[in-house]
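Derivation of every value follows stated rules applied to the coordinates shown; laboratory data play no part. Only a predicted model underlies this, so the values are computations on that prediction, with no experimental measurement involved. Note: ideal-geometry Cβ built from the backbone for every residue, glycine included; neighbour counts use all protein chains shown.
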Amino acid sequence: DKIRAGLAKTRASVAGRMGQVFHGRGKVDEELFEELEDVLVSSDVGVATSTYLIEKLRGRVKKEHIVDTDGVREALKAVMTGELEGDVSLLLAPAPAVLLVIGVNGVGKTTTIGKLAAQLKAEGKAVLLGAADTFRAAAIDQLEIWAERAGVDIVKQKEGADPAAVVFDAVQAGKARGADVVICDTAGRLHNKKSLMDELSKISRVIDRELPGAARENLLVLDATTGQNAVNQAKQFKEAAGLTGIILTKLDGTARGGVVFAIRHELGVPVKYIGVGEQIDDLQPFDPRAFVDALFQ
Ligand code: GDP
């Protein structure tokens, strides 16, 4: 299926190397754990997270008296799945919910908003987009193309407009038109963390004022192909904005799917969706079990 196809490269690298580690090995010894840890590190799971996962595996193997390598394999799958589990659903009630989508240019933010809008619409929700990335005219144009593709309305102003003013308009329009979800694009300029923070807190205040007690999500879009850089970006955005979820894109084009574990472990923020292609239906709610299963097959 899509996850397996999407994860082809990550799977080939993880499953292939896991296979080599387990192949022809009868004994569960220290070397096995060390080699498994190496496989995780080289799949972009990150050193700290790999060490943590293998430590958990050791504990489980000991506690459950596992003596064969098949058992270790299953235990590792369980440990990895357990690490990723959590609530991936979006907070959508009371309507209109407001989703702020943040992330640096090129990670797939616009595409992801388009996909998400299409998906929510298919679920019967009235969706409205707010083009609050006013920094580049191209961003507004691109979002408009995706709004059309997804068949949803968009609220925009011209390039250079105050992002908080666009969000204000979008929230007003959302209320007036009975929207279920207002998805706002934002400019993710990380090089100036102070202005990013100021901008996002201004937007936040507008939403609080116009929709007290609104269902809110701050969703960070990250490009999986950037590996550990994605983790660093996530840390900076978490400090600047406060995050409720992560959307990890381009998992179809990379062997670096292990970054999912690093993000979860080092940030404690759930990955809620994954992007597995450029088309409108290439966005999936993140399913830890299917993800880990796909890695091991
Ligand atoms: P933005 O600058 O963050 O808004 O990024 P865009 O949405 O414009 O996407 C940048 C490029 O990444 C485009 O060519 C998209 O088609 C591509 N892209 C976005 N998401 C995915 C994905 O999940 N998989 C793949 N392969 N490409 C993607």
Given bins 10 angstrom wide, list per bin the percent of all Cα-Cα distances in region 197-270, short to long. 19, 44, 25, 11, 1
Spherically averaged projected area of region 3-72 from its Cα convex hull (nm²): 4.9 nm²
First select every other residue whose beta carbon is under 15 angstrom from the beta carbon of residue 86; then total the charges, Lys and Arg +1, Asp and Glu -1. -3
Tell me, Kirkwood radius of region 1-145 from alpha-carbon pair distances, in Å? 18.9 Å
Ignoring everything except DSSP H segments at least 4 long, calculate the 222 nm mean residue ellipticity for the chain; use -39,500 (n - 2.57) per segment, divide by total residues, nearest 500. -17000 deg cm²/dmol
Can you tell me the convex hull volume per residue for the chain, based on C-alpha atoms, in Å³ to the nearest whole number? 119 Å³
Sequence gap at least 6, Cα distance under 8 Å: using those rules, report the relative contact order of region 243-293 to the nearest whole percent. 37 percent
Take the eigenvalues of the Cα gyration tensor for region 149-200, scale each by 5, and report the square roots as semi-axes in whole Å, largest first. 24, 12, 11
Any idea what diffusion coefficient region 198-237 gets from Stokes-Einstein, in µm²/s, Kirkwood Rh on alpha carbon pairs, 10 °C, 1.306 mPa s? 132 µm²/s
Going through 27/62; 109/250; 9/238 one by one, the pairs whose alpha carbons sit over 18 Å apart turn out to be 9/238
Which of the peptides 64-70, 30-36, 253-259 is most tightly packed, and how do the rest follow, judged by the mean count of other Cβ atoms within 10 Å per residue? 253-259, 30-36, 64-70
Give, rounded to the nearest 20 debye, the magnitude of the charge dipole that the chain has about its Cα centre when Lys and Arg contribute +1 at Cβ and Asp and Glu contribute -1 at Cβ. 320 debye
What net charge is computed for the residues neighbouring residue 246, neighbours being all others with C-beta under 10 Å from the C-beta of residue 246, Lys and Arg scored +1, Asp and Glu -1? +3
Ellipsoid semi-axes in whole angstrom, largest first, where each is sqrt(5λ) of the Cα gyration tensor of region 53-96: 35, 9, 7
Could you grab the relative contact order for region 1-128? Cα pairs under 8 Å, six or more apart, rounded to a whole percent. 16 percent
Per 10 Å bin, what is the whole-percent P(r) computed from every C-alpha pair distance within region 127-177? 31, 54, 15
Using the reciprocal of the averaged 1/r over all distinct C-alpha pairs, how large is the Kirkwood radius of region 74-148 in Å? 14.7 Å
Sorted by packing (mean other beta-carbon atoms within 10 Å per residue), highest first, where do 133-145, 270-282 land? 270-282, 133-145
Length-normalised contact order for region 152-238 - Cα pairs under 8 Å, 6+ apart - percent: 26 percent
Around residue 109, under 9 Å between beta carbons, what's the net of Lys plus Arg minus Asp minus Glu among the other residues? -2
Amide H neighbours of residue 129 under 5 Å, at least 5 residues apart or on other chains, H built in the peptide plane: list them. 153, 154, 155, 183
Test of understanding: express the Cα radius of gyration of region 99-254 as a ratio to 2.2 N^0.38 Å, with N the residue count. 0.97
